[in-house]
1. Going through region 293-351 one residue at a time, which ones are in a strand (DSSP E or B), farther than 24 Å from LEU45 by Cβ and under 21 Å from the mean Cα position of the chain (by Cα)?
2. Within region 276-292, take every residue that is of a type in the set (Ser, Thr, Tyr) and not in a loop (DSSP other than H, G, I, E, B) and give me the one that is least open to solvent (accessible area, probe 1.4 Å).
3. I'd like to know if region 255-262 contains one or more residues that are out of contact with any Lys or Arg (no Cβ under 8 Å at 6 or more places or on another chain) and within 20 Å of TRP183 (Cα to Cα).
4. Give the residue that is least open to solvent (accessible area, probe 1.4 Å), with candidates limited to residues of region 352-379 that are part of a loop (DSSP other than H, G, I, E, B), of a type in the set (Val, Ile, Thr) and closer than 25 Å to ASP82 by Cα.
5. Small (Gly, Ala, Ser), open to solvent by 60 Å² or more (accessible area, probe 1.4 Å), at pLDDT 95 or above and closer than 30 Å to SER50 by Cβ - does that describe any residue in region 315-337?
6. Among the residues of region 209-224, which ones are buried (at least 19 other Cβ atoms within 10 Å of the Cβ) and charged (D, E, K, R)?
7. Report, by residue number, each residue of region 83-108 that is surrounded by fewer than 14 Cβ atoms within 10 Å (Cβ to Cβ), touching a residue at least 12 places away in the same chain (Cβ under 8 Å) and among the acidic types (Asp, Glu).
8. Could you please give the count of residues in region 43-60 that are assigned to a strand (DSSP E or B) and buried (at least 21 other Cβ atoms within 10 Å of the Cβ)?
Amino acid sequence: MKRPQSAPSWTFLLSLLMATCGATAEEAPLRQGETITLSAKRWTLIKLDSLPYVESDYTKRFKFDSFDNPKLKALRQQYHLDEVVAPGKDEFGRQVLLLDWVNHRFKKFGRPSCEAKGALEVLQAIDAGNTFFCAQYGDVLVSASASMGWIDRELALRRPNNVWHGSTEHTSTEIWSNQFSKWVLFDPTFSMYVEKDGVPLNAYEFREEWFVRDARDVTFVMDKDRKRVHKSDMPVSRARFAGFGDLSFDPGATAVYAFIGYIPNTDLMNSGPEYGKMFITRDSICDGTPWHERKNPADPVHDPYFPINQASLQLRPTGDHLHVTIRTMTPNFKTMRVRLDNGDWKSSPDSFDWTLREGTNRLEARSVNQFGVEGPVSIAEVRSENTTR
């Protein structure tokens, strides 16, 4: 699977983290390209493709919905979400189908006409003829995703005062894509995500493309048929609602990504959005526009975009073996699975010794959550160099 060009150098970040924590060279895990000696033979780590395990103030803020939450099961079964996503050819295709389903469930757009909160209440209220706007679109997508074992998180957005017109604030989301190994912007109000060079972008990546590079190289992808539009096509009419008029995708709908507030919980049917622990990306683009005062990540490219569902591999020489440690931040974690040299996948402890043989040795690992959703595959390859000490 193609990796996004803007992906960070995780090897560099991991090295920096170890240096900050005072790790010695002897304690540090092997890095790609490094050669070691085991049993009087030389071995080289020729490949290490593994997302890191990140623990920070931002990861600690997050609370994820639980596999044991009966509301998730009810949502998935009552609205036949397995059937909704079944036509998808891969995970991302199924996630796009869910995005499209949420968008088209809403029949009236505007200021909410009742006090329904959480996906189950909102969906029932839609069927009763009530009106809702972007916040409820976000609530439904976050919980519908959680019911399928995917992690979608809500974003609170605001445009600068001096940019375009229309709504000053908006609710959108980002879903974790195991397929692309990254967070991806999913805006349920417009049934839209954004691509650059065939790779879907997260909200901050899109923000940079829109405000810094004038959206020259991005494509807006809409609905389950993945209609592709560009900035030059704006405004794009999305739907006509009685009492509201046309809901259009225009520059006002994208200018709201100036401020990005990350809502650090997904248990919305039980708790509602945790605005108190929200953190916000803001910089000179936001100058002159007052909004909520929250912590501002020092590194907006990486701090909000920690990996999840990963199998973070660390390899260290121990005696005649390589000792493997696997760390993960997998909500509703069930098991880690490993396979050696393209053999069968087997459940594995998070720490074990890897016995190497002559030639190239391949280790693959991935996490699995209680919904049966598999995380990205991490790969390590070690090759013997056929030399003796």
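The values are calculated or read from the model by the stated rules, or taken from the named source; none is laboratory data. Quantities reported herein were computed from a predicted structural model and do not represent experimental measurements. Here Cβ is always computed from backbone atoms with ideal geometry, including for glycine, and neighbour counts include all displayed protein chains. Heads up: the accessible areas ignore ligands, DNA and RNA and are worked out on the full protein's heavy atoms, side chains in. Shrake-Rupley method; radii C 1.70, N 1.55, O 1.52, S 1.80 Å.
1. PHE333, LYS334, THR335
2. Once the filter is applied, the top-ranked residue is THR281.
3. No, region 255-262 contains no residue that is out of contact with any Lys or Arg (no Cβ under 8 Å at 6 or more places or on another chain) and within 20 Å of TRP183 (Cα to Cα).
4. Per the stated criteria, the residue is VAL373.
5. For region 315-337, residues small (Gly, Ala, Ser), open to solvent by 60 Å² or more (accessible area, probe 1.4 Å), at pLDDT 95 or above and closer than 30 Å to SER50 by Cβ: absent.
6. GLU209
7. Across region 83-108, the qualifying residue is only ASP90.
8. Looking only at region 43-60, we keep the residues that are assigned to a strand (DSSP E or B), and these are 43-49.
With the extra rule that they be buried (at least 21 other Cβ atoms within 10 Å of the Cβ), the set shrinks to 43, 48.
Number satisfying all stated conditions: 2.
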